[in-house]
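Enquirer: Let me give you the structure first, and then I'll get to my questions.
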Amino acid sequence: MSLLRNVGTIGGLTMVSRLGGFLRDILLARVLGAGGVADAWQLAFQLPNIFRRLFAEGAFASAFVPLFNRRMTNDDDISDARRFAEDVLAVLIPILIVFGGLAMVIMPWIAGLFANEGTTGDPALFDHAVLMARITFPYLMFMSLATLFAAVLNSLGRFAAAAAAPILLNLCLITALTWGALQPGGETTRLATGFWLAVAVSVSGLLQLVWLWVWMRRAGFALTLRRPRITAQVKELGVLIVPAVFGAGVYQIARFIDLFFLSTLPDGSYTYLGMADRWNQLPLGVIGIALGTAILPALSRHLGRDEADEASRLQSNAIELAMLLTVPAAVALFITGSAFTRVFFVGGEFTLDDALVTGTVVGGLVLGLPADVLVKVLTPNFFARKDTRTPVLTAGASLVVTVALNFLLVPRLGVLGLAVAGSVGAWCNVALLYLLLARKDYFHMPVRILGRIARIMLAAAAMGAALWFLMVPLDAMFSGSALERAAAILAIMATGLASFGIAAFLLGVLDKATVGRLMRRQT
């Protein structure tokens, strides 16, 4: 399939999941509000997810996919690849059980380290936060195993099943929140809703694991559970995964540092950042994850065949597509973020002031949106060469910048300072990744792509100007009736699409040759 089709498959299903996430967060805002149980829930939900992104989505997939693809010699002989996956699965299960059990035992200490004063100051709420975190932690084990199955499916070119799996998480959480919305309200209902949300997280992890297992069997790649053995192949994976863990770990250390700074901020800060990140994660998840997932297997195959020109072409196309999709999204969200949070989140326990703070944080986060996606696009070029060390160094350098800015900005800007510092750090990471790609002669940006990126930015600027002038006459509608809010959102979307489309056409951002190039089949 072509890069555009692969990204469309993954991104389309991720879009369904992210839209489910929006519905989930709308319900979450109305049922739990900001602060109190809402902050405790955000902490309980983030802890297993940080470890999941550290190991499963980051290090493991990056190290496993190139090794797995190397063993997929042809469609008729996949026995070596199957044995490799089974050996990895056998070692992975006991590691996850031991780690998860230990984390659940020391959870009061972990929660106490990162909970804010609003949670630690209320013993009953803190105990409930610890309970929720313990209940959610099995999600880490289920999703780590699911990542192995997803990596196998993606390597086989079956992207849809893995991209659809997160939809199950949102369905489970929406079910729990719907129950909470139907209850009479009050603190007791909020505590009970938090409990059922935690249960829903772990149940969704189990459902996603079963879902991917079924699709892997349908693809003719059923795995047999073996006795754990440290084989030469597993050792090779370990050699690659350790630096990759540190590389992903640098990013997740940044998330832990965010939790530390959040613990020093007023009640509600966890919720503001969590709700704002939903808007940032929509394009980041749909575009960034889709591109990174789609190009890693293809890059690995091209480099394995010594097809350097094809690998360079694929990398160029991915960068162009990333900028085409993220720059206008970032500009639009920067200008209209507060409008969207007012329209969708205000109601029930979530106030107008909560929405305005959340919208401001959206603006800080999307400053780094194109950079976050470019990191996911550039790092596979290293991973495909089994170079997991270089991204560690660039991520570590960007972390130093981010932490320094946190100390400078958070005392002055509060939770917005965290968002801005993370965005600046992401751009530093992109700059370092590209400089090292060029220095190692892995990839050089064609002048043609630089010209197209410049035109994309000009078209996005024209769209931003149109949206900026639209905000003033629509201001009253953002807090009006449901019909007025819907009309305001439609006006924003129509103006944004029309203005960017016209500017892109006039500037030659998209033409027949470009579409044909992006649609070219990847072998």
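Where a number appears in this text, it was derived from the coordinates with a stated rule and is not lab data. Remember, it's a predicted structure, so these values are computed and weren't measured experimentally. Neighbour counts run over all protein chains shown; Cβ positions are idealised from the backbone, glycine included.
Enquirer: Using R₀ = 51 Å, calculate the FRET efficiency as 1/(1 + (r/R₀)^6) where r is the Cβ-Cβ separation of LEU497 and THR224; round to 0.05.
Expert: After rounding to 0.05, the efficiency reads 0.50.
Enquirer: How do 353-363, 472-482, 258-268 rank on mean C-beta neighbours within 10 Å, highest first?
Expert: Descending mean neighbour count gives 353-363, 258-268, 472-482.
Enquirer: For the ranges 396-404, 91-99, what's the packing order if you count other beta-carbon atoms within 10 Å of each residue, average per peptide, and put the highest first?
Expert: Working: 396-404: 18.2, 91-99: 14.9.
Peptide ranking by packing, descending: 396-404, 91-99.
Enquirer: While we're looking at this one, here's another question. I'd like the chymotrypsin sites (Phe, Trp or Tyr not before Pro) in region 327-360 restricted to DSSP loop residues with at most 16 other Cβ atoms within 10 Å, sorted by number.
Expert: Answer by residue number: there is no such site.
Enquirer: Also, quick follow-up: If we sort 220-233, 419-432 on the protection proxy, mean other Cβ atoms within 10 Å, highest first, what's the order?
Expert: On the way: 220-233: 12.5, 419-432: 22.6.
Highest-to-lowest ranking by the protection proxy: 419-432, 220-233.
Enquirer: Now a separate question. For region 146-251, take every pair of Cα atoms, bin their distances at 10 Å starting from 0, and report each bin as a whole percent.
Expert: Reading the bins upward from 0: 13, 27, 31, 18, 9, 2.
Enquirer: Quote the relative contact order of region 393-481 in percent (integer), defining contacts as alpha-carbon pairs under 8 Å separated by 6+ residues.
Expert: Relative contact order here is 22 percent.
Enquirer: Right, here's the next one. Which trypsin sites (Lys or Arg not before Pro) in region 362-452 pass both tests, a DSSP loop state and at most 14 other beta-carbon atoms within 10 Å?
Expert: Sites meeting the loop and neighbour criteria: ARG389, LYS440.
Enquirer: Using only helices, what value at 222 nm comes out for the chain when you add -39,500 (n - 2.57) per DSSP H run of length 4 or more and divide by the total residues, to the nearest 500 deg cm²/dmol?
Expert: Calculated at 222 nm, the ellipticity per residue is -27500 deg cm²/dmol.
Enquirer: Using only alpha carbons, build the gyration tensor for region 35-240 and give me the equivalent ellipsoid semi-axes, biggest first, whole Å.
Expert: In descending order, the three semi-axes are 37, 19, 12 Å.
Enquirer: Still on this structure: Could you list the square roots of 5 times each eigenvalue of the Cα gyration tensor of the chain, that is, the equivalent ellipsoid semi-axes, sorted largest first and rounded to whole Å?
Expert: Ellipsoid semi-axes (Å, largest first): 34, 31, 21.
Enquirer: How big is the Kirkwood radius of region 306-392, worked out from every pair of different alpha carbons and given in Å to one decimal?
Expert: 15.3 Å
Enquirer: Treat region 357-426 as a sphere of radius equal to its Kirkwood radius over Cα pairs and apply Stokes-Einstein at 4 °C in a medium of 1.567 mPa s; give the translational diffusion coefficient in µm²/s, rounded to a whole number.
Expert: Approximately 101 µm²/s, per Stokes-Einstein.
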